[in-house]
Amino acid sequence: DPGYRDMLISHLKSDDFFGVERFPTASFILTGWEVRPVASPEAANGIATGDLTIRDVTRPVCFPAVVAPQQDGGIKVHAAFDIDRTLWNVCYGSARLFERLGMHLVHDLISLELFVRADKA
């Protein structure tokens, strides 16, 4: 339903969640990479460590990622991981912070998926 979708996106952009008018961007700065032996090409071949900033709150995160070298000398990176949104002050509907939410309960874990491409300079 396009109407429901638009309402959901608007609510996620509001101050209840990500406050995009005040905080228009989120960022991740890679601070470390640990190579991991893998059994298949699709498996994560490393652990990324870095600083994730959402709503002007910066916290360290660590997650598995797949790095694939490209024929042109660049790389592609893919990672999917979960964070506890309340650690970045995204608290709307959290059962840990509010009582008697009923149908307004929103799970604290959110899933993030990163796609990064770095071309050879």
Specify the residue that is modelled with the highest pLDDT; the eligible residues are those in the range 1-18 that are within 12 Å of Arg55 (Cβ to Cβ) and of a type in the set (Asp, Glu).
Asp15
Scanning the range 12-51 for residues that are of a type in the set (A, V, I, L, M, F, W, C) and in contact (Cβ under 8 Å) with a residue 40 or more places away in the chain, the one nearest to Val116 (Cα to Cα) turns out to be Phe28
Top-ranked residue in the range 83-99 [being open to solvent by 70 Å² or more (accessible area, probe 1.4 Å) and at pLDDT 70 or above; ranked as nearest to Gly50 (Cα to Cα)]
Leu87
From Ile54, Ile47, which residue is surrounded by 15 or more Cβ atoms within 10 Å (Cβ to Cβ), modelled with pLDDT of 85 or more and in contact with a Cys (Cβ under 7 Å, 6 or more places away or on another chain)?
Ile47
Mind listing just one residue for me: the one in the range 1-23 that is open to solvent by 100 Å² or more (accessible area, probe 1.4 Å) and of a type outside the set (Lys, Arg) and, of those, nearest to Thr58 (Cα to Cα)?
Glu21
Check on Pro37, surrounded by fewer than 11 Cβ atoms within 10 Å (Cβ to Cβ) and more than 19 Å from the chain's Cα centre (by Cα)
yes
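The values are calculated or read from the model by the stated rules, or taken from the named source; none is laboratory data. Computed from a predicted model, the values in this text were never measured in an experiment. All Cβ positions, even for glycine, are placed from backbone atoms using ideal geometry, and neighbour counts span all protein chains on display. Only protein heavy atoms, including side chains, enter the accessible area calculation; ligands, DNA and RNA are left aside. Shrake-Rupley method; radii C 1.70, N 1.55, O 1.52, S 1.80 Å.
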